[in-house]
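So the structure is just underneath, and the comments pick up after that.
The values are calculated or read from the model by the stated rules, or taken from the named source; none is laboratory data. It should be emphasised that the depicted structure is a prediction, and the values quoted were computed from it without experimental measurement. Positions of Cβ are generated from backbone atoms using ideal geometry, with glycine treated the same way; all protein chains shown enter the neighbour counts. SASA here: full protein model, heavy atoms, side chains in, ligands and nucleic acids out. Shrake-Rupley method; radii C 1.70, N 1.55, O 1.52, S 1.80 Å.
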Amino acid sequence: MNINSFQQDLITWFKAEKRDLPWRKDQDPYKVWVSEIMLQQTRVDTVIPYFQRFIEQFPTIQALSEADEEIVLKAWEGLGYYSRVRNLQSAVKEVHEKYEGKVPNNQKEISSLKGVGPYTAGAILSIAYGVPEPAVDGNVMRVLSRILSIWGDIAKPSTRKIFEEAVRQLISHDNPSYFNQALMELGALICTPTSPSCLLCPVREHCDAFNEGTQNELPVKTKNKKNRHVRIAAAVLTDKDGRILIHKRPNTGLLANLWEFLNVEVMLPFEHEKDQLKNAFKIDYDADVQIDEMIGQIEHIFSHLTWNINAYKGSIQSIEKETEELKFVTISEIEQYAFSVSHQKILKKYKESFT
DNA sequence: TACTCGTGGAG
DNA sequence: TCTCCAAGAGT
C-alpha cells in the first residue's frame, strides 16, 4: 500500500463526487454535531428534511440550549432513537454554560459530552476542526475490511479498535476532514454492503479484496437474533367533552418522554383483553373507563422487538389520580405532542373510525 | 460483552 | 413477506 497515493486517489475522488448535502454548506461545529447525531444508524435521505427543519428551528447552541424539551422532542418525532436528542440538548447546554458556547476541539473534552462516542468525537474533530482523529463507522469498517483484508467480525465492539488503528496509519494529516468523509462517502456510493461497484472505485488498485476477489465475502458480520413479540392493548379514551386522554412515558427506556395513548402489555387470552385494559386503568389511576369497539390492529416493528397492538376506543367516566404524566387534549391540540410512530398509527385508526 | 434503543427503505 | 440494514452510544 502506497499511503500517499491512496490518500490522493481517495480525496481527489471525494472532491469530484461528493454529494451536496445540507450539513456540508459550512463547517459550523454545531451543525456538524447535529448532523452526526442524526445520522447515527439513520439514512441520509431520511435525515435531510429533519436536519433542515431542526437547524431552522434551533440555529445555534444558545437556541437549542434554551428550548423546551417538549419542542425539541417534537422536532425529532419520527426519527427514532429519541435518547439521541435528549443527550444532544443536555450536551449543548453543557457547552453553552461550561465552554462559553464553543464546541470543544480536543478529544478529552468532546468525548465527555453526552451522546458523543468515539465515532462522533472523531467526526466532529476532523470535519469541523481538521484534527486527524479516526471516525470509524459502519462504512469505514466495511471499506477498510476490504481494502486491508481484515477478517475480524465487525459486529463485535472490540473490532472497531483495529480499524481505528488502521485509520491512524492511513489518515491524511493534510486534510483529515476530507479523508474521513471520503471513506464514508465511498462506503455509501461505491463500496456498498452488497454488490460493490469495484469497477468504478477510485482506490481499487489499493484494495486487497478486489485483487483477491473477496469483496463479496467482506466484511465479516455475524447475524443478529430474532425479535421478541409483545402484545399491547391500547385505548383512545375521551371524556364527556370529547377531549382525549394521553400519557407521557417515563424518562428512561423505550421511547422515553414521548406521549402515547393509554395501554397495557397483554398477558391474558384475547377474550379477556378489554377487561385487562379496564382493570389496569383502575389500578394505576383509580380511573373508571368503558372500553368500546376495536378500531384497528397494528403491527409495529422496532429493531429489537415487535408490538402487536389491538387498539380500542372508549370513554372515561372519572379519574381520581391527576398526575404530570396524564393530560386531556383536544384532537387539534394533540399534534403539539411528540408521539412514537406506533401511536401515530393508533391516532390514524381513531380518526378513520369516524369516517 | 451483549443488550437496549426506532424507523423506513432496499433487495 | 422476510432480512438486513444506516454516518453508534449508553448501560
#### Entry: All positions within region A:279-290 that are open to solvent by 20 Å² or more (accessible area, probe 1.4 Å) and more than 34 Å from the chain's Cα centre (by Cα)
A:Asn279, A:Lys282, A:Ile283, A:Asp286, A:Asp288, A:Gln290
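Mind counting the residues in region A:145-158 that are in a helix (DSSP H, G or I) and touching a Pro at 6+ places or on another chain (Cβ under 9 Å)? I'd like the intermediate steps shown before the answer.
Let us first name the residues in region A:145-158 that are in a helix (DSSP H, G or I), namely A:145-147, A:157-158.
Still in the running and touching a Pro at 6+ places or on another chain (Cβ under 9 Å): A:145-146.
Going through region A:145-158 one residue at a time, the tally reaches 2.
For region A:127-157, how many residues are more than 22 Å from the chain's Cα centre (by Cα) and not β-branched (Val, Ile, Thr)?
Looking only at region A:127-157, we keep the residues that are more than 22 Å from the chain's Cα centre (by Cα), and these are A:129-133, A:143-153.
Among the residues that remain, those that are also not β-branched (Val, Ile, Thr) are: A:129-130, A:132-133, A:144-146, A:148-149, A:151-153.
Matching residues across region A:127-157 total 12.
Mind listing whichever residues of region A:310-337 are part of a strand (DSSP E or B) and either closer than 27 Å to A:Val72 by Cα or of a type in the set (D, E, K, R) (or both)?
The first filter runs over region A:310-337 and keeps only residues part of a strand (DSSP E or B), leaving A:310-319, A:326-329.
Within region A:310-337, A:Lys313, A:Leu326, A:Lys327, A:Phe328, A:Val329 qualify.
Please pick out the residue among A:Leu262, A:Leu218, A:Leu254, A:Leu245 that is part of a loop (DSSP other than H, G, I, E, B), surrounded by 11 or more Cβ atoms within 10 Å (Cβ to Cβ) and either of a type in the set (Ser, Thr, Tyr) or assigned by TED's automatic domain parsing to the domain that holds A:Ser318 (or both).
Within the list A:Leu262, A:Leu218, A:Leu254, A:Leu245, the selection yields A:Leu254.
Might you let me know whether region A:189-205 holds any residue that is part of a helix (DSSP H, G or I), surrounded by 13 or more Cβ atoms within 10 Å (Cβ to Cβ), at pLDDT 95 or above and over 23 Å from the mean Cα position of the chain (by Cα)? Quick ask: steps written out before the conclusion?
Here is the first cut: in region A:189-205, the ones part of a helix (DSSP H, G or I) are A:189, A:198-200, A:204-205.
Next, only the ones that are surrounded by 13 or more Cβ atoms within 10 Å (Cβ to Cβ) stay: A:189, A:198, A:204.
Applying the additional criterion that residues be at pLDDT 95 or above yields A:189, A:198, A:204.
Remaining after also requiring over 23 Å from the mean Cα position of the chain (by Cα): A:198, A:204.
The answer is yes; a qualifying residue exists.
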### Task
Read through the list (1) under 16 Å from A:Gln40 (Cα atoms); (2) open to solvent by less than 40 Å² (accessible area, probe 1.4 Å), then give the number of the only condition that A:Tyr81 fails.
(2)
## Note on the structure
Here the residues within region A:123-136 that are open to solvent by less than 40 Å² (accessible area, probe 1.4 Å) and closer than 16 Å to A:Trp23 by Cβ are A:Ala123, A:Ile124, A:Leu125, A:Ser126, A:Ile127, A:Ala128, A:Ala135
### Task
Pick out the one residue from A:Phe163, A:Phe179 that is closer than 21 Å to A:Thr12 by Cβ, open to solvent by less than 30 Å² (accessible area, probe 1.4 Å), of a type in the set (Phe, Trp, Tyr) and part of a helix (DSSP H, G or I).
A:Phe179
### Query
Restricting attention to region A:272-279, does a residue exist that is among the acidic types (Asp, Glu) and away from DNA strand B (no atom under 16 Å from the Cβ)?
yes
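If a residue counts only when it is within 21 Å of A:Ala135 (Cα to Cα) and either among the acidic types (Asp, Glu) or within 16 Å of DNA strand B (Cβ to nearest atom) (or both), which helices (runs of 4 or more DSSP H) contained entirely in region A:17-70 have at least 2 such residues? Can you show your working first?
On the way: elements: A:29-38, A:44-57, A:61-66.
Counting at least 2 such residues, we get A:29-38, A:44-57.
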### Task
For region A:73-111, enumerate the residues that are over 17 Å from A:Ile127 (Cα atoms) and hydrophobic (A, V, I, L, M, F, W, C).
A:Leu73, A:Ala75, A:Trp76, A:Leu79, A:Val85, A:Leu88, A:Ala91, A:Val92, A:Val95
### Query
(1) part of a strand (DSSP E or B); (2) within 26 Å of A:Gln336 (Cα to Cα); (3) not acidic (Asp, Glu): which one isn't true of A:Arg231, the others all being true?
(2)
